[in-house]
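Structure, as structure tokens:
Every read-out reported here was derived from the displayed coordinates using simple, explicitly stated rules and does not represent laboratory data. Small disclaimer: the values here were computed from a predicted structure and weren't measured. Here Cβ is always computed from backbone atoms with ideal geometry, including for glycine, and neighbour counts include all displayed protein chains.
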């Protein structure tokens with residue numbers, strides 16, 4: 001009798017598949033998907049080991065307009081990848097990044113960034129962002145920056161423009177898709 005109780009306690013409380021829950025089972029989270037990502041590896045005995053391959057991960061879509069639109073079928077995988085590439089270039093440039101102030105150091109003379117701060121990779125990213133800006137035009141660049149860099153939703157962009165009509169939201173959605181297609185063509189992805 002005692003042995004049976006011990007065996008029962010070792011079983012997971014909700015059966016054997018309790019730890020294989022999928023995104024739809026998460027309580028209170030409707031904007032989460034199960035996604036496959038590159039395996040980041042792990043640290044074993046203080047050393048990084050890259051295992052390679054893919055692993056399953058939960059992706060929160062609340063602040064990811066590209067992931068959310070791809071998940072809903074509003075944009076294609078190519079358009080999604082073009083947007084991710086733009087985001088990668090944007091982050092590499094460091095445009096819009098907050099610069100911390102160190103009050104323990106003397107104020108600088110305001111000459112700007114030093115040559116050591118501007119790497120070849122950063123310059124390449126600047127060039128790609130500039131090419132994209134020229135291809136997208138003023139309105140397209142503003143839409144891409146607002147959504148992909150600043151993390152605004154299309155409703156928030158419409159609100160900032162002072163036009164919350166349904167027709168405007170549909171226009172912005174179509175325009176975003178058009179901009180992503182333009183980026184995909186620019187970078188040879190389409």
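For this structure, a couple of remarks:
- Sites residue 189 and residue 161, calculated FRET efficiency, Cβ-Cβ separation with R0 22 Å, nearest 0.05: 0.15
- FRET E, pair residue 118, residue 38, Förster distance 25 Å, beta-carbon r, rounded to 0.05: 0.30
- Mean sequence separation of contacting Cα pairs (under 8 Å, at least six apart), scaled by the length of region 136-190, corresponds to a relative contact order of 37 percent.
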